[in-house]
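The values are calculated or read from the model by the stated rules, or taken from the named source; none is laboratory data. Bear in mind the structure is a predicted one, so any value in this text is a computation, not a measurement. Quick reminder, even Gly has a Cβ in these numbers, built from the backbone with ideal geometry, and neighbours come from all protein chains shown.
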Amino acid sequence: MPDTALLAPLVDIVGARNALVADSDTAPYLREWRDLYVGKTPVVLRPGSRDEVAAILSHADANGLKIVPQGGNTGLVGGQIPDDSATEIVLSLGRLNRIRDIDAEGFSMTVEAGCTLQAIHDAAEAADRFFPLTLGSQGSCQIGGNIATNAGGTAVLAYGNTRDLVLGLEVVLPDGRVVEGLRGLRKDNTGYDLKQLFIGSEGTLGIVTAAVLKLFPRPRAQDVAFAGIASPHDALSLFSRARARAGAMLTGFELMPRVGLEFSVRHLAGARDPLQAPSPWYVLMELSSGTEEDGNEAPTRALMETILGEAYEAGLVEDAALAESVAQAAAFWHLRHGMSEVQREEGGSIKHDVSVPVASVPAFLDEAIAAVEALVPGCRPVPFGHMGDGNIHFNVSQPVGADKAAFLAGWDEMNALVHRIVLKFGGSISAEHGIGRLKKDLLAEVKSPVELELMRRIKAAFDPNNTLNPGRML
């Protein structure tokens, strides 16, 4: 544990009230929500300003202390949890939660890192604007963490990842200096785009304290359909038809298996099956549009009906339900967004956050499902996710009645099996969750020696004393 004399100045910076040391106070910051990682820390610091973050890092860097930045603690690869050495200090950004400015005319907003994603959605809506990043954890995840992990979500198809939604950043470097980059410029071609190095760096290069985010017009018309299909191959054909018909109006296209829907219906409060008869697979499709020049709402409903009707005639859709209200549309999305959390109610679940080219999704699923079922007879594959951008959360639940610990002991073997198939299709072993601690040892399998060398050089240039998030990613 660091010497008390070295910790005292950090307590002075944030005040004793915001320097947590009691086990009951620090516990929420030391456990990952799936219980894969549980750590120890001498203190959890809760700074209330950028200057306090800068002072903390300046002292830590000068004295060999290690800092683990943490947002809403919703990360899925363990990067936000300290190790069990009790030497890593947790720096929580939750108190930096102001929305500094909303520029409705310029379609941007400036927010602090501790703002929850839901608070940003609400503020944008109050200004008659729209921020598209959408995650199941948006009530608790924070924008600083979203930026640090380059979060994806269900709107990537239309709006891109987090890195596509950031105009400028304010970042505290490991030595306490501040990068003043809160510019709302749409074009700035003056050398290296430094903000992109921090986006997706998982807190290893600097701590984001504020950001300028892109806003968009609020959709004036939106329709959501829940369709039963026979296979992912039919889902790909439906996606191709929908994209060709709707273009940019296609803002969501999610794929789910029957077993995943059953989990959601069984464990989510108020959830029910939208269709009368079961199908092997399901697609959740969303169309959105603005207002046409004549003032009439763009015909998303008519277009959705046309897409589904043509797909039914072509034998691609077995049955479908079109949301009749905002509440029903939200209920459809609730089934999808809750699919991650309900798996814990079914015992052990081995996770894979992977991506392959969109056209390869069906073939990948055919091969990967067969492979894991052969490896663990009786296991329940639950592959679901963003069909439109090729990102599949290929999760595998334990066989019914199996020993959870024994099943999870095969995590590495199953990961290796699935990742081999992913790489065969030219995919990625981390589509949107990052590397953190969970996948650090796998990085060498997917990055060339030249790429790894460049990454290590960047880390050394920004953080020569390895102050920030040591042992994560690299």
Taking the criterion of being surrounded by fewer than 20 Cβ atoms within 10 Å (Cβ to Cβ) and among the polar types (S, T, N, Q), would at least one residue in the stretch 67-83 satisfy it? no
From the options PRO381, PRO377, residue that is touching a strand residue (DSSP E or B) at 6+ places or on another chain (Cβ under 6 Å) and over 22 Å from SER237 (Cα atoms): PRO381
Any chance the stretch 192-206 includes a residue that's at positive phi and either in contact with a Pro (Cβ under 6 Å, 6 or more places away or on another chain) or in the same structural domain as LEU335 (by TED's automatic domain parsing) (or both)? yes
For the stretch 197-221, give me each residue that is over 30 Å from LEU250 (Cα atoms), among the hydrophobic types (A, V, I, L, M, F, W, C) and part of a strand (DSSP E or B). ILE207, VAL208, ALA210
Scanning the stretch 21-70 residue by residue, the ones that are of a type in the set (Phe, Trp, Tyr) and either out of contact with any strand residue (DSSP E or B) (no Cβ under 9 Å at 6 or more places or on another chain) or not in a loop (DSSP other than H, G, I, E, B) (or both) total 2
Residue selected from the stretch 171-196 under the condition of a type in the set (Asp, Glu), outside any strand (DSSP E or B) and over 15 Å from ALA461 (Cα atoms), by the criterion modelled with the lowest pLDDT: ASP188
Only residues that are among the basic types (Lys, Arg) and surrounded by 19 or more Cβ atoms within 10 Å (Cβ to Cβ): list them for the stretch 144-202, please. LYS195
Could you pull out the residue among VAL400, VAL418, VAL317 that is at pLDDT 95 or above and within 20 Å of ALA230 (Cα to Cα)? VAL317
Evaluate the following for ARG258: is it within 20 Å of PRO357 (Cβ to Cβ), surrounded by fewer than 24 Cβ atoms within 10 Å (Cβ to Cβ), at pLDDT 95 or above and basic (Lys, Arg)? no
Would you check if GLU262 is under 26 Å from ILE369 (Cα atoms), under 27 Å from the mean Cα position of the chain (by Cα) and acidic (Asp, Glu)? yes
